[in-house]
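Read-outs: derived from the displayed coordinates by stated rules, not from any lab. In this text, all values refer to a predicted model and were calculated from it rather than measured experimentally. Glycine gets a Cβ as well: all are built from the backbone with ideal geometry, and neighbour counts include every protein chain shown.
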Amino acid sequence: SQQGEEDPQALSIQEGENATMNCSYKTSINNLQWYRQNSGRGLVHLILIRSNEREKHSGRLRVTLDTSKKSSSLLITASRAADTASYFCATDVWGAQKLVFGQGTRLTINP
Amino acid sequence: DTEVTQTPKHLVMGMTNKKSLKCEQHMGHRAMYWYKQKAKKPPELMFVYSYEKLSINESVPSRFSPECPNSSLLNLHLHALQPEDSALYLCASSHLWGAQETQYFGPGTRLLVL
């Protein structure tokens, strides 16, 4: 079964606005990662947040993790057309040493 | 070099054909992965190699046969595929095998089985 579920499934905003995507998961995790995928291409790692961290920043990206709610959010500030992509959260599966990807959010930035 | 390369970019094959996908990295990574991704779906793990040894096989049908000839190369041999196997096949690598590792993905091979 899928470990991570994301919402919204699709998000369309104007350039310059902020975009927020959410990821919920079912079981305990050691860490959670976010990846970006441009249409039909490989995934690019954005950020990793560990279970003992609550918030992490990288450039225009801000990730939060709430282990009590089993959820994470990715905020992209001051969005650009180049941010148009699908965004996936990925969680580890306890003891299995593998990542399971959420369903993803398709983000469209309108110029 | 922080790149994972995959060849070919596109592949069309019949159900009786035998073909191979190739993946290469020169980052000194010791873990390599094959994922399958259907349209508008997340990547699904197929195989993991760690130090050139198969560490995870996610119950993949035997018509998919992985091979890791050395630490830089990963192949996926395809034989007698079905149309439902049409998908984007992604290769990834990481420094070591582990869910805490950042994975570096190649651009993928888009496979169409007729």
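Data table
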quantity: Inter-label distance, nm, simple model (7 Å from Cα along the C-beta direction), A:T77/B:T5; calculated: 4.0 nm
quantity: Local electrostatic count at B:Q100 - Lys and Arg +1, Asp and Glu -1, tallied over other residues with Cβ under 13 Å; calculated: -1
quantity: Inter-centroid distance (Cα atoms) of the range A:31-66 relative to the range B:15-46, Å; calculated: 22 Å
quantity: Estimated dipole of the protein assembly as shown in Debye, rounded to 20 [Cβ of Lys and Arg +1, of Asp and Glu -1, Cα centre]; calculated: 240 debye
quantity: Overall dimensions of chain A as given by Cα atoms, namely Rg and Dmax in Å; calculated: 13.3, 44
quantity: Farthest positive-ward along the protein assembly as shown dipole, Cα basis, beta-carbon charges - from A:G16, B:V12, B:L90; calculated: B:V12
quantity: Relative packing of B:56-62, A:66-72, which averages over residues the other C-beta atoms within 10 Å, highest first; calculated: A:66-72, B:56-62
quantity: Per-peptide average of other Cβ atoms within 10 Å, ordering B:105-112, B:7-14, A:87-94 highest first; calculated: A:87-94, B:105-112, B:7-14
quantity: Dipole of chain B, positive direction: furthest Cα of B:Y33, B:P66, B:H79, with charges on the beta-carbon; calculated: B:H79
quantity: Around A:N18: net Lys/Arg minus Asp/Glu count, Cβ-Cβ under 15 Å; calculated: 0
quantity: Where N is the number of residues in the protein assembly as shown, Cα Rg divided by 2.2 N^0.38 Å; calculated: 1.02
quantity: Area projected by the alpha carbon convex hull of the range B:1-56, averaged over all directions, nm²; calculated: 5.2 nm²
quantity: Compactness index (Cα Rg / 2.2 N^0.38 Å), the range A:62-111; calculated: 1.39
quantity: Check: chain A dipole with +1 on Lys, Arg Cβ and -1 on Asp, Glu Cβ, in debye; calculated: 220 debye
quantity: Chain B: radius of gyration over Cα atoms, expressed as a fraction of 2.2 N^0.38 Å; calculated: 0.99
